[in-house]
Each structure stands twice: as C-alpha cells, then as structure tokens.
Amino acid sequence: ILNVEQSPQSLHVQEGDSTNFTCSFPSSNFYALHWYRWETAKSPEALFVMTLNGDEKKKGRISATLNTKEGYSYLYIKGSQPEDSATYLCAFSGSARQLTFGSGTQLTVLP
Amino acid sequence: EADIYQTPRYLVIGTGKKITLECSQTMGHDKMYWYQQDPGMELHLIHYSYGVNSTEKGDLSSESTVSRIRTEHFPLTLESARPSHTSQYLCASSVGETYNEQFFGPGTRLTVL
C-alpha cells in the first residue's frame, strides 16, 4: 500500500499572506506527482504534473517544487486571496501508473 | 466544450434500493475511473477502464459494479444500497500517456438511510 501524506491537514491564513504545503510520497518507482485544487461543490482541477527531480512549475501566484530522491513536493501560494480557498490534493503515480492521493490540505483565506 | 459530467450530484436513498451513478465525458478519453471519498479521507480508486468492454477493480474493494459499453459512458451501479455505501463518488478520465493526468467530474454525494 502506497503512503502519500499531506501536511498540514488544514490551514487558515490572512489575505495577502504567503503559504506552503507539503506532500510526501514514496521515493521509489516514481513516475509523476500531480497537484489538484478542489473547490467546494466543483470538480478537482489539475494544477501541475511534475515528472523530473528538481522540477519547478508556476501558474500565476501558485508554484510547486519536486524532490523525487527524498520523496516530497511543496506547493507555494504567494499573496493568498480568498478565491484560493480550496482543498489542495497531491497524487503520486508510480510504476503502475495509477494515482494514489493524499487526504489534502484544506486552505481557508480570511479577508 | 469538452467536459466530464456526473448525475445525480446528490442522492438520498433508502437501504436496499438499486442505484446507478452516471458518468459521461465528451473528450474522447479511453481511460475512465471511479473514486470513492469519505469525509476528510483520501480519494480511493474503486474501478477503472482502459477502453470499451474493459473494466478492472481498483485498490479499494467495493460492492459496486461498472460497465463500459461506450467510450464516453462509465456508469457505476449498486444493486442494493446500504448505509456503509454513504460517501462521495468521483468519476475521472484521462488520455493516453500524458503522465495519467486525470480530469474529474463534480462528484455524486450519496447518502443511504
């Protein structure tokens, strides 16, 4: 059974604060690491697919880094806005190519 | 607009009823998936399909069944619903070898009384 862990489980920040979350995954048989954003009552939305050690991806104020050797990825949000409030999921893809999800980090940005 | 649809979005039903959760995608994706999520927990893969007439069970054992008669349609059926089936069910699809990037529907929240 693959173990994908996300921390923290939940987070409250003030508008304008920068924040980051962690995803830990197995460091062996790595294929890809996915980040999704899931707003309440909507579909999970893909943010990044990361495949190479040292990858850095950026979309607007959101960025992510990947360390496959030690098995972790960070997601950063710069200058959080209320519309960033969502659950952020990471998913590990190994040799079997299926996605194994973490339980998510629930972010609330307070105005 | 290419998308993935799930109906119903919410369903409250009594024990023993047969239910079918619908999932359709307009993206022409070969691969489709069903995940189950209990509150505060991870999404768990319960079924997947790599094409028409192909279905497999996922990591999490489920009493549900699926079918894939058409590329765009991947319904999930529970023959006799029980309170233990209360959960959120998400459908997803992906195309070829794009690192298995999956596109999700909005989910069906099922409550069995």
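Please treat every number below as a calculation from the coordinates, not as lab data. Note that the structure is predicted; figures quoted are calculated from it, not measured. Counting neighbours? That spans all protein chains shown, and the Cβs are built from the backbone with ideal geometry, glycine included.
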Within segment A:46-68: backbone nitrogen closer than 16 Å to the A:Asn20 label point (7 Å, Cα to C-beta): A:54-59, A:61-68
Derived scalar couplings ³J(HN,Hα) [segment A:27-41; Karplus, 6.51 cos²θ - 1.76 cosθ + 1.60; whole Hz; x for Gly, Pro]: 8, 10, 6, 6, 10, 7, 10, 10, 10, 10, 10, 10, 8, 4, 6
Hull-based mean projected area of the protein assembly as shown, where the convex hull spans the alpha carbons, in square nanometres: 12.3
Chain A: translational diffusion in µm²/s, Stokes-Einstein, Kirkwood Rh over Cα pairs, 37 °C, 0.692 mPa s: 236
Segment B:10-31-segment B:56-77 distance, computed between alpha-carbon centres (Å): 9
